[in-house]
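Here is the structure we will look at, set down as C-alpha cells.
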Amino acid sequence: MANPDLKAEIEEIEAELAHMNQQRRTKKSRVKSKAGATQEAAQAESAGDAPAEELTLLETMLAEFDAEDAIDALSGHAKEWLGTLNEDLKHTKTSTLLTVFGLGVIVGRLTK
C-alpha cells in the first residue's frame, strides 16, 4: 500500500478485531462451563441427592396436609366474604353502584 497511515490504521483495526474475537471465545467457553456445571447440579438433584432430613420433613408436611380440609376452609372464607359483600351492596345507593360501574367501564376502555 502506498499510504503508510492507512496501512497502520488497518493493522490496528485487525488487532482490535482479533482481540474482540478472543474475548468472545473466552466468554463463550465460560458460559458453556457454567451451563455444564448447572446441568450437572440439576442432574445430581434429580438423582435423589437431597438430604434425608429434607425428605423426612417433606413427607411429614405431605402427611399432615389434607386437601378436603383446605377446600372446606377456602369455601367457608369465600362464602363469608361474599355474604359480607352482598350485605354491603344491599346498603349502597343504586346511583353509587352505577357510577362506580360506569367509571370502571371508562377506565377499562381508556387502558386498552
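For the stretch 1-23, how many residues meet the condition of being of a type outside the set (A, V, I, L, M), modelled with pLDDT under 85 and surrounded by 10 or more Cβ atoms within 10 Å (Cβ to Cβ)?
Qualifying residue count for the region: 1.
Look through Thr56, Thr60, Thr84 and report the one residue that is modelled with pLDDT of 90 or more and surrounded by 10 or more Cβ atoms within 10 Å (Cβ to Cβ).
None of the other options fit; the residue is Thr84.
The values are calculated or read from the model by the stated rules, or taken from the named source; none is laboratory data. Since this is a predicted model, take the numbers as computed values, not measurements. Here Cβ is always computed from backbone atoms with ideal geometry, including for glycine, and neighbour counts include all displayed protein chains.
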